[in-house]
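Please treat every number below as a calculation from the coordinates, not as lab data. Keep in mind it's a predicted model, so treat the numbers as computed, not measured. Cβ: placed from backbone, ideal geometry, glycine included. Neighbour counts: every protein chain shown.
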Amino acid sequence: MTAEHVEVAVDVRELFDPRRRSDPYPLYRALRESGRCHWLSPQAPRIGVITRHGDCVAALQEGAWGHVPNSGSAFRPMTATDEGLRSMLRSNPPTHTRLRRLVSRAFTPATTARFRPMAQALSAELLDAAVDHGEVDLVASFARPLPLRIICSLLGVPVRDEEVFGGWASALTRALDPDQLLDPAERVARAEATRAFADYFTELIARRRADSGDDLLSDLIAVQEQGDRLTAAELVEICVLLLVAGYETTVNLVVNAVLALARDPDQFAALRARRDLAAATVEETLRHDPPNQWTLRTALVDTELAGQTFHPGDGVIVVTAAANRDPDVFARPDDFDITRYASAAPAARHLGFGHGIHYCLGAPLARLEAEIMLAALLDRVTRLEITAAPTYRPHLAVRGVDALQIRLHSR
């Protein structure tokens, strides 16, 4: 299907308007239809916004785009301190290549698969309690506890520390938004979370070096290739990245899937009739309403993108959530269709987990958890009834529901 792009008036600054948070997709459509690139500021270093699928793929896979230190980034002021998520997330080849190669040796399919029994047991326990209660906040009662328990267990973090980790993860996830959007309190929270994570994992790494365990952290400490291994600082940064990415993404993915199914009872009935569509439902959620709405890239050299010339230091906001609804790529892009990724000739690849060298390393774990949680829901619930409009957190790049009041009708 090819859509005719019609020029319409739209203010790109609405991308950051809190009133758009509950449903940003009409704005994404307007931006996509009104032009390939929208400039937030004409002053150097400039920041462009792109929304079309082909342009977003190009920005994510071409070597002309990457990450730079804070002092050279259009997204962070010259006075910004080096806080927040770093490591593989904000590195370029050859550093990124080296880190990902080493981490991949520990983060294997076998590592992911060994958490299946835990996820199944905890899903059943949490949902049984939620169904017994009747009406619950799905985020607090189900979607948040399970991924947090899994990622903490994977990293060897004790259960007693889970709650405080959740708060730190939220503060750091907010730092994925352009720095200009954070208020002073959020910058302070980011700085405190950065230091707290570093202190905690430095101590935990020291303990694991002395007494290794059956967890990913011990595997990361031990991994090496041709004499190369992760440094202490790299281990800390990777632990922070895995905790935040492995936790926040899955929480939002599960909530968005349940929200879409609750809003479309026919789709929920279709899933109950064909439970083999659980994996396809996860993929369609990643396309239709992904946890990660956009990502940031900086031009490393003079380059062309979306019909515009970018110079080193210029930034681009790659709105992957808008690309996932590009009608030039996806038929009926605004429809939530759980069969879209189930046919012999599935739909085009979505950008829900990114693209290119920074494609999410934890995608298999997020998919596993989401599928197990949906299966547990299908075992116990016949109807989903939203009892209050969902509220959203202030995060923009990683958009997520803060609370979802829902009544779970059981068999």
Query raised in the report: Where in the chain are the DSSP H helices whose C-alpha atoms run 24 Å or more along the long axis and whose mean Kyte hydropathy is at least 0.5?
Result: 232-263, 363-380
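For 373, 118, what ranking results if the residue with the fewest other Cβ atoms within 10 Å of its Cβ goes first?
Details: 373 27, 118 16.
By the 10 Å Cβ count, ascending: 118, 373.
At a Förster distance of 25 Å, what's the computed FRET efficiency of residue 192 paired with residue 163, Cβ-Cβ distance as r, to 0.05?
Numbers: r = 16 Å, r/R0 = 0.64.
For R0 = 25 Å, the calculated efficiency reads 0.95.
Considering every Cα-Cα pair within the chain, what fraction, in whole percent, is farther apart than 42 Å? Intermediate results must be reported in sequence, preceding the final value.
Details: 8965 of 84255 pairs.
Across the chain, Cα pairs with separations above 42 Å total 11 percent.
Compute the relative contact order of the chain as a whole-number percentage, counting only Cα pairs closer than 8 Å that sit 6 or more residues apart in sequence. Kindly include the intermediate steps, with their values, before the conclusion.
On the way: 676 pairs, mean separation 107.7, N = 411.
Value for the chain: 26 percent.
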Report task. Just need the Rg to Rh number for region 172-294, please, alpha carbons only, Kirkwood Rh. Result -> 1.11
**Report entry** Distant-in-sequence amide H partners of residue 403 (H built 1.01 Å from N, under 5 Å)
**Finding:** 391
